[in-house]
Amino acid sequence: MSTTLDLSRARTGSAPGMNATPRAPVNLSGLTRSQLQTALMAADVVPADKARMRASQVWRWIHQAGATEFSAMTNVARETQTRLAAAFTIARPEVVERQVSKDGTRKWLIRTAPGIEIETVYIPDVGRSGALCVSSQVGCTLNCTFCHTGTQALVRNLTAAEIVAQVQVAKDDLAEWPSDKEDRLLSNVVFMGMGEPLYNLDAVADALDILSDNEGIGISRRRITVSTSGVVPQLETLGTRTQAMLAISLHATNDTLRDELVPLNRKYPLAELMAGIRAYPGLSNARRVTFEYVMLKGVNDSPAEARALVNLIKGIPAKVNLIPFNPWPGSPYSCSGWGAIETFAAILNKAGYASPIRTPRGRDILAACGQLKSESEKVRASVRRRSAGDQAPGEESPLAPN
Ligand code: SAH
Ligand code: SF4
């Protein structure tokens, strides 16, 4: 049975400059405002006294208008356009595959460099109008036992350009340019795709600066949620540097079970995690933390565990998102029954916590939470070195320990 409505292979230009190699031209879409200004000066594209103004113009063309070619920048002199094009790119990466679910969920497979394929999902009617679920890494180091991405080795961290490109590709497809147009379909961004965002915090933070800028894509920081499995030492930096909304993948209320489901718990156990969350900058009733809790039949879904959850999060401005487990081929769990999920939710509600049950979306195109797994293989370091030419030092250092 085929449930996919639309499957097309679109080629929207090549992917140079997704910053994968030092030789490719830098894609300006991945630079923050100040980085953009510096880059324009460093490349001698504009004189220092004009840099700020030019950077502002170029910024608006990229992030407000969605331009993909410098020649579209009609208020920039021809000669400057030519110099920009010689030094930089603003091309989109290649969209390798596009799928649309019966329920309106859309999934794109985006190739930004050889072997780097990124999955991105748009879910309608989430947040103010619709949320884009973006990836921060290809693969993941963390091996949560219920997560499909966790079965794929980490290929590499994504650059800020590659994170922003996911939003640009979605906006292209949803016809969301210019960015200030009314009734936007893409109102929220959630870092709940592939990878652990807090192991790639620099790029995630730069991407947040870019996406939230009012003269550009303009998605407010309060509508951008970063989900983490609990990298405790990075929580404070996340809060101060990005002011993003925080989501924590909790899934268990005691260390024994969490050690098994989310192996990172062995490094940062619950007591440390909860202390880190309580100290998250900017937490308030208006800016609550979301606890994600995947409902696994007979594993973590009893009424006693719901009560333990209430105890664990007592005093924290929070809501709980109950996620029906999304099975994937070969997954070792099954989803709790609706009765168990409703009983669980009722206990949380009675204790004063909003606890929406996340409607499974895009299941027919394997686009639901935790189902993303690209075919990108972890390329051996030597092969990668060869294909990347003279790679920057440190590029291959281990990203973060398990
Ligand atoms: N690495 C980050 C963000 C990506 S995962 C994190 O773990 O928070 C996004 C959410 O999907 C997490 O809450 C994760 O626990 C959940 N998830 C993973 N696999 C799932 C599955 N098969 N069914 C339902 N939710 C899943
Ligand atoms: Fe990685 Fe998140 Fe999946 Fe765990 S749930 S393996 S941290 S992507």
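When the residues of segment 249-268 are filtered to those that are without any contact (Cβ under 8 Å) to a residue 40 or more places away in the chain and away from ligand 2 (no atom under 16 Å from the Cβ), the one that is nearest to SER227 (Cα to Cα) is ASP255. Residues in segment 330-346 that are assigned to a loop (DSSP other than H, G, I, E, B) and away from ligand 2 (no atom under 16 Å from the Cβ): SER334, SER336, GLY337.
Here segment 108-131 is the region considered, the condition is being of a type in the set (D, E, K, R) and away from ligand 2 (no atom under 16 Å from the Cβ), and the residue that is nearest to PRO93 (Cα to Cα) is ARG111. Of the listed requirements (1) in contact with a strand residue (DSSP E or B) (Cβ under 8 Å, 6 or more places away or on another chain); (2) outside any helix (DSSP H, G or I); (3) of a type in the set (S, T, N, Q), ASN143 misses just one: (1). A single member of LEU186, LEU154 is within 25 Å of LYS267 (Cβ to Cβ) and either in contact (Cβ under 8 Å) with a residue 40 or more places away in the chain or within 16 Å of ligand 1 (Cβ to nearest atom) (or both), and it is LEU154. GLY339 versus (1) of a type in the set (Gly, Ala, Ser); (2) in contact with a strand residue (DSSP E or B) (Cβ under 8 Å, 6 or more places away or on another chain); (3) farther than 27 Å from VAL121 by Cα: which is the lone unmet condition? Looking at each condition in turn, GLY339 falls short on (2). Tell me, yes or no, whether segment 132-151 has at least one residue that is within 25 Å of ASN200 (Cα to Cα), surrounded by 22 or more Cβ atoms within 10 Å (Cβ to Cβ) and away from ligand 2 (no atom under 16 Å from the Cβ). Taking every residue of segment 132-151 in turn, at least one turns out to be within 25 Å of ASN200 (Cα to Cα), surrounded by 22 or more Cβ atoms within 10 Å (Cβ to Cβ) and away from ligand 2 (no atom under 16 Å from the Cβ).
Yes or no, residue by residue, for (1) farther than 28 Å from ARG287 by Cβ; (2) more than 16 Å from ligand 2 (Cβ to nearest atom); (3) modelled with pLDDT of 95 or more:
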{"position": "ASN300", "(1), (2), (3)": "no, no, yes"}
{"position": "LEU309", "(1), (2), (3)": "no, yes, yes"}
{"position": "VAL320", "(1), (2), (3)": "no, yes, yes"}
{"position": "ASN326", "(1), (2), (3)": "no, no, no"}
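Inside segment 289-313, residues that are more than 16 Å from ligand 1 (Cβ to nearest atom) and over 19 Å from THR343 (Cα atoms) make up a count of 0.
Conditions (1) modelled with pLDDT of 95 or more; (2) of a type in the set (Gly, Ala, Ser); (3) in a strand (DSSP E or B); (4) more than 24 Å from VAL294 (Cα to Cα), marked per residue:
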| residue | (1), (2), (3), (4) |
| --- | --- |
| ALA203 | yes, yes, no, yes |
| ASP206 | yes, no, no, yes |
| VAL226 | yes, no, yes, no |
| LEU238 | yes, no, no, no |
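Tell me which of these ASP125 doesn't satisfy, since it passes every other one: (1) in contact (Cβ under 8 Å) with a residue 24 or more places away in the chain; (2) in contact with a Gly (Cβ under 9 Å, 6 or more places away or on another chain); (3) more than 16 Å from ligand 1 (Cβ to nearest atom). Status for ASP125: all satisfied but (1). Scan segment 313-343 for residues that are within 13 Å of THR290 (Cα to Cα) and either surrounded by fewer than 17 Cβ atoms within 10 Å (Cβ to Cβ) or not β-branched (Val, Ile, Thr) (or both) and the total you get is 6.
The values are calculated or read from the model by the stated rules, or taken from the named source; none is laboratory data. Predicted model only: the values in this text are computed from it and were never measured. Don't worry about glycine lacking a Cβ; one is built from the backbone with ideal geometry, like all the others, and counts go over all protein chains shown.
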